[in-house]
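Q: Take a look at the following structure, please.
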Amino acid sequence: MKNIEVNFDGLVGPTHNYAGLSEGNVASVSSAKNTSSPKNAALQGLKKMKSLCDLGLSQGVFAPQERPDIYTLKRLGFHGSDAQILSAAYKASPTLLASCCSASTMWTANAATVSPSADTSNNKVHFTAANLANKFHRSLEPKTTSNILKAIFCDERYFQHHQHLNDNEHFGDEGAANHTRLCADYGERGVEIFTFGRYAFDKNKPRPQKYPARQTFEASQAIARLHGITDNNAIFVQQNPDVIDQGVFHNDVISVGNQNVLFYHEQAYLNNASFKAEVVDKFKGDNLHLIEVSTEQVSIKDAVSTYLFNTQIITLQDGSMAIIAPMHCRENTRVYDYLQTLIAANNPINNIHFFDVNESMKNGGGPACLRLRVALTEQELCAVNSSCIMTNTLYEQLVEWVNKHYRDKLIIDDLRDPQLLIESRFALDELTQLLNLGSVYRFQQ
Ligand code: SUG
């Protein structure tokens, strides 16, 4: 039986904007108040999805969420008509309104942690939506994320969904951005690597001083327990707090794995040597490639500004691997030169494809942030909602849908325009029909 990995990319929502909401995420903060283009952002994302599909991969589409989030604003005491609520919220705080308008669900690497059936105790694929408790604008996501996950993976014979962890920073969970998996083949039992930034219940352990560590050890352990991952197949490793303080707010900004390849910076982990020994021990096979990049080869600054490690490593149909990189990696000569040596070296990666995902990059989201990986058996893939799998027809329909509903430009001031809410609901209602999702949004219930 053929086992594959499907990337579910987040479709950018109609309110995509730059509000500078993510302290510790250098790009988000430095793009604050720039003019965004929701239309270009969505089209850039769709182009990446279609290109991966053209490379022979199964590609999924993950719907965005309803924004502005009127329900949150009501919960916070704003009342009256939708127009009155938006205007009052903007008056109280433009940043509060922007938080309730963020299109941050596009970064589906943060949507959930997924454990394939080969790794779990009951041989089902397990999903836990991330609570994203560290950032207010992202903490609004998990409930609807779960609705969408259940609408895509609805067959209980194969898929098991868990409630997101408690909404508190002690259990701050950022989903697959801090989780990767190594395996000989997608269908074989793998080693799940849970990376965390700090211990919540032990203040004496190392932690970053400047920027927040979003994922806790306790959250990573809870996910592994829920998913039934045995100690033999799990590794818990702390991120190097120094690199968090240099802008590595998620581990996927400094490390990426695919099958038997782990590509990472030498400064990514707190105890690099013991981590590597544990990976070698638990991986068991003799075909492991640990591709460690030194600071001399690529500085942390270059890694953060180009997102060299927020690339996707994909396995093509002939078994070879390719890197999906943002344009920033082509434009930075040091990183570009490094990539040339990488593909010439003796490892499975032998090709690079560059993509313009600049609208997302300006908010700190590279190619890998935009996708949630789900390894599936052939049988499990047949049980997935097929309307969410990219085809030529779906691509054309989605491009037309974006062109019809999305604005060319958006600034923070526009977020209080009640027409934007009407346009977004209209668009999402049509989208749920295209993707056959049912009523996943509150305005539809
Ligand atoms: O959570 N940016 C996102 C970027 C997420 C990237 N994901 C991964 N590394 N997997 C974040 O910081 C910025 C929104 C704004 O500032 O408008 C934002 O939420």
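The values are calculated or read from the model by the stated rules, or taken from the named source; none is laboratory data. The structure presented is a predicted model; accordingly, all values stated were derived computationally and were not measured. Using ideal geometry, Cβ is built from the backbone for each residue, glycine included, and neighbour counts are taken over all protein chains shown.
Q: Inside the range 14-37, can you point out the residues that are more than 12 Å from the ligand (Cβ to nearest atom) and under 20 Å from residue 367 (Cβ atoms)?
A: Matches in the range 14-37: 37 only.
Q: Taking the range 236-274 only, how many residues are more than 18 Å from residue 343 (Cβ to Cβ), away from the ligand (no atom under 13 Å from the Cβ), touching a helix residue (DSSP H, G or I) at 6+ places or on another chain (Cβ under 9 Å) and hydrophobic (A, V, I, L, M, F, W, C)?
A: 5
Q: Can you run down the residue pairs with Cβ atoms below 7 Å, 6 or more apart or on separate chains, where the first is in the range 154-179 and closer than 15 Å to residue 141 by Cα and of a type in the set (Lys, Arg) and the partner is at pLDDT 95 or above and within 15 Å of the ligand (Cβ to nearest atom)?
A: Pairs found: none.
Q: Any idea which residue in the range 133-161 is farthest from the ligand (Cβ to nearest atom), counting only those that are in a loop (DSSP other than H, G, I, E, B) and over 25 Å from residue 438 (Cα atoms)?
A: The residue in question is 133.
Q: Which numbered condition trips up residue 51, out of (1) of a type in the set (Gly, Ala, Ser); (2) closer than 17 Å to residue 355 by Cα; (3) surrounded by fewer than 24 Cβ atoms within 10 Å (Cβ to Cβ); (4) within 16 Å of the ligand (Cβ to nearest atom)?
A: (4)
Q: With the requirement that a residue be in a helix (DSSP H, G or I) and free of Cβ contacts under 8 Å to residues at least 60 places away in the same chain, what does the range 46-79 give you? Before the answer, list the steps.
A: Narrowing the range 46-79 to residues in a helix (DSSP H, G or I): 46-54, 70-75.
Residues satisfying the conditions are 54, 73, 74, 75.
Q: Right, next: If we keep just the residues of the range 299-321 that are among the β-branched types (Val, Ile, Thr) and not in a strand (DSSP E or B), which is nearest to residue 336 (Cα to Cα)? Before the answer, list the steps.
A: From the range 299-321, those among the β-branched types (Val, Ile, Thr) are 300, 304, 306, 311, 313-315; that's our starting set.
Now restrict to residues that are not in a strand (DSSP E or B): 300, 304, 306, 311.
Working: 300: 15, 304: 14, 306: 10, 311: 13 Å.
Filtering first and then ranking leaves 306.
Q: Let me ask something else. For residues that are over 16 Å from residue 420 (Cβ atoms), among the hydroxyl-bearing types (Ser, Thr, Tyr) and not in a loop (DSSP other than H, G, I, E, B), scanning just the range 88-120, find the one that is nearest to the ligand (Cβ to nearest atom).
A: 104
Q: Evaluate the following for residue 321: is it on the phi < 0 side of the Ramachandran plot, within 20 Å of the chain's Cα centre (by Cα) and surrounded by fewer than 23 Cβ atoms within 10 Å (Cβ to Cβ)?
A: No, not satisfied.
Q: Still on this structure, I have one more. Of all the residues that make up the range 27-48, how many are within 22 Å of residue 133 (Cα to Cα) and either within 17 Å of the chain's Cα centre (by Cα) or crowded, with 22+ Cβ neighbours inside 10 Å (or both)?
A: Residues in the range 27-48 being within 22 Å of residue 133 (Cα to Cα) and either within 17 Å of the chain's Cα centre (by Cα) or crowded, with 22+ Cβ neighbours inside 10 Å (or both): 2 in total.
Q: If residue 176 satisfies all but one of (1) in contact with a Gly (Cβ under 9 Å, 6 or more places away or on another chain); (2) within 16 Å of the ligand (Cβ to nearest atom), what's the number of the condition it fails?
A: (1)
Q: For the range 121-132, which positions are out of contact with any strand residue (DSSP E or B) (no Cβ under 9 Å at 6 or more places or on another chain) and away from the ligand (no atom under 16 Å from the Cβ)?
A: The answer is 121, 123.
Q: For residue 60, work out the one condition from (1) surrounded by 19 or more Cβ atoms within 10 Å (Cβ to Cβ); (2) within 13 Å of the ligand (Cβ to nearest atom) it doesn't fulfil.
A: (2)
Q: Further question: Against the condition more than 16 Å from the ligand (Cβ to nearest atom), farther than 30 Å from residue 399 by Cα and crowded, with 19+ Cβ neighbours inside 10 Å, how does residue 85 come out, does it pass?
A: In short, yes.
Q: Here's another thing I want to ask about it. Is it fair to say residue 7 is farther than 24 Å from residue 425 by Cα, touching a residue at least 12 places away in the same chain (Cβ under 8 Å) and not in a loop (DSSP other than H, G, I, E, B)?
A: Spelling it out, residue 7 is indeed farther than 24 Å from residue 425 by Cα, touching a residue at least 12 places away in the same chain (Cβ under 8 Å) and not in a loop (DSSP other than H, G, I, E, B).
Q: Select from the range 346-387 the residues that are over 26 Å from residue 190 (Cα atoms) and either within 16 Å of the ligand (Cβ to nearest atom) or crowded, with 23+ Cβ neighbours inside 10 Å (or both) and list them in ascending order.
A: 355, 357, 358, 359, 360, 361, 362, 363, 364, 365
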